[in-house]
Amino acid sequence: MSASPLPKPSSPPVLPPADPDRPRPTSLTDLFVSFTLIALQGFGGVLAVIQQQVVERKRWMSNEEFIEEWSVAQIMPGPNVCNLAMMIGTRHFGLPGAMSALAGILTVPLILVLCLALVYAQFATQPQVQGALRGMAAVAAGLIAATGLRMSVALTKNVIPLAACIAIAAAGFVLLAWVRMPLAAVIGLLGGLGCVLAWRGLKR
Amino acid sequence: MSAPSLVFGWHDWLNLFVHFLMLSMMSLGGAISTTSEMQRYLVERQGWLSQTQFADSVALAQSSPGPNVLFVALLGWNVGLNSGSVTAALSGVAISMIGIMLPSTVFTYQVAQWAQRNRELRAVRAFKQGMAPLVIAMLLATAWLLATGGGKGGEHTDNWPLWLLTAATAIVIWRTRLHLLWMLALGALLGALGVV
């Protein structure tokens, strides 16, 4: 860590990956193309694809790093996957990286969704089309659940004891999905509890 | 309810832009969490969109590849179309997307930079580790709400083949390295054939 460049106030720091052997995007174009392809595979949500591609196929970051970035991306205002793409881009190429990743995840899908809106009127009433959309929506819900389950492996390396992690996750699910408590309240309550537990667990 | 036809002046565009700038900073947990507020503003208060146009925009963006925030682009597109031209529709896309993205993106970039520079701080590490259980809960809850029709009176609750498809997808993608697109194609096929 002593080799990490100290940030000058004028330029945002480009941080080396924690593991020097880990592959990384080769260029801004690589970031743009990678995130364009990721976005185009993401029907009903892009997170599942980002996790599979960035962690398991491209291996740009570990599962633990991913969940840490995602926790920031998800708590911040704005579209979560756009925040995440921007943060991954920043890690490797600073502000230009952030712009490339963000442009990649938005540009082609935006053009596509506008084209879709133009042809939608002709096909919207066909039962097959509606059925296909329904089936894909059900799969998309499953993909998000699978992403949560995959990321849950990272909890075994958390400083919070595993039993407490599971209790917080279970309580969070019940409050959000069944009680329908507002997100901000749940973040304050359970996120706050998690931070206190983690703070106490981090002896330093 | 048919689409309203509008006469849009620059102050209307400005109102739209400013409103989306505000919503951007309120979109904690994703732009989709401000959907009900957008509906209230665009449909009920201003009458710039019909309810059908609003619901179709959200559904279409969900079923299109890419981030869900693109439903905002379709809302802008339809507001522009209602005021009469494709040029206006494209302006609507630009104004609504820049409005919803700009404040949150700048803010998140700054916070993420700060968190990276101070990533050895005990408080930053405690935040990232402490949020992890809740982050997983948020994902599972989102999946639950999507599978049950977003809480809109539980429209899918009695459709058990659809449930089975969601659960099977979760298990297959969790436990195997199968590419996601295979499951999406299977879902589309089963839906088109009327199985689910």
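Ordered by the count of other Cβ atoms within 10 Å of each Cβ, fewest first, B:His179, B:His19, B:His11, A:His92 give B:His11, B:His179, B:His19, A:His92. In chain A, one over the average inverse separation of all distinct C-alpha pairs is 19.2 Å, which is the Kirkwood hydrodynamic radius. Put a plus charge on the Cβ of each Lys and Arg, a minus charge on the Cβ of each Asp and Glu, and nothing anywhere else: the dipole of the stretch A:67-204 about its Cα centre is then about 380 debye. Each label point was placed 7 Å from the Cα along the Cα-to-Cβ direction; for B:Leu193 and A:Ala170 their separation is 3.9 nm. Using C-alpha pairs under 8 Å with a sequence gap of at least 6, the mean separation divided by the residue count of chain A gives a relative contact order of 21 percent. Counting neighbouring beta carbons within 10 Å and listing from fewest to most, the residues A:Thr107, B:Thr166 come out as A:Thr107, B:Thr166.
Neighbouring Cβ atoms from other chains, within 10 Å of the Cβ of residues in B:164-172, number 6 on average.
For A:Val119 and B:Arg175, a Förster radius of 56 Å and the Cβ-Cβ distance give a FRET efficiency of 0.90, rounded to the nearest 0.05. Indicate the gyration tensor shape class of the stretch A:75-171 (rounded, prolate or oblate), computed on the Cα atoms with a ≥ b ≥ c the square roots of the eigenvalues: a/c under 1.5 is rounded; otherwise a/b larger than b/c is prolate and the rest oblate. Because a/c hits 1.5 or more and a/b fails to exceed b/c, the stretch A:75-171 counts as oblate. When only the Cβ of Lys, Arg, Asp and Glu is charged (+1, +1, -1, -1), the dipole of the protein assembly as shown relative to its Cα centre reaches about 1120 debye.
Using the Cβ-Cβ distance between A:Gln130 and A:Asp30 with R0 set to 45 Å, the FRET efficiency from 1/(1 + (r/R0)^6) comes to roughly 0.75. In order along the stretch A:64-74, the phi-based Karplus estimate (6.51 cos²θ - 1.76 cosθ + 1.60, θ = phi - 60°) of 3J(HN,Hα) comes to 5, 4, 4, 5, 5, 5, 5, 5, 5, 4, 7 Hz; Gly and Pro are listed as x. The mean sequence distance of close C-alpha pairs (under 8 Å, at least 6 residues apart), as a share of the length of chain B, puts its relative contact order at 17 percent. As a calculated quantity, the FRET efficiency between A:Lys203 and B:Leu14 at R0 = 56 Å, using C-beta atoms, amounts to about 0.55.
Rounded to two decimals, what is Rg over Rh for the protein assembly as shown when you use alpha-carbon atoms and the Kirkwood radius? Radius of gyration over Kirkwood radius for the protein assembly as shown works out to 0.96.
Per residue of A:82-91, other chain Cβ atoms within 10 Å of the residue Cβ number 4 on average. Residue-wise HN-Hα couplings along the stretch B:128-138, as the Karplus relation 6.51 cos²θ - 1.76 cosθ + 1.60 with θ = phi - 60° gives them from phi, are 5, 6, x, 7, 3, x, 5, 4, 5, 4, 5 Hz; Gly and Pro carry x. Ordering A:Lys203, A:Lys157, B:Lys128 from the fewest to the most neighbouring beta carbons within 10 Å gives A:Lys203, A:Lys157, B:Lys128. Just to be sure I understand: with springs between alpha-carbon atoms less than 10 Å apart, which residue in A:Met61, A:Met136, A:Met87 has the highest mean-square fluctuation in the Gaussian network model of chain A? Among A:Met61, A:Met136, A:Met87, the largest mean-square fluctuation in the Gaussian network model of chain A belongs to A:Met136.
Around the amide H of B:Asn68, modelled in the peptide plane, lie the amide H atoms of A:Val46, all under 5 Å away and 5 or more residues distant in sequence or on another chain. The orientation-averaged projection of the convex hull spanning the C-alpha atoms of chain B amounts to 14.3 square nanometres.
The distance between label points at B:Leu102 and B:Glu120 comes to 3.8 nm (points 7 Å beyond Cα on the Cα→Cβ vector).
Mean partner shielding of peptide A:186-196, defined as the number of other chain Cβ atoms within 10 Å of each residue Cβ, is 5.
Coordinate-derived values only; no laboratory data. Predicted model only: the values in this text are computed from it and were never measured. All Cβ positions, glycine included, derive from the backbone under ideal geometry; neighbour counts span all protein chains shown.
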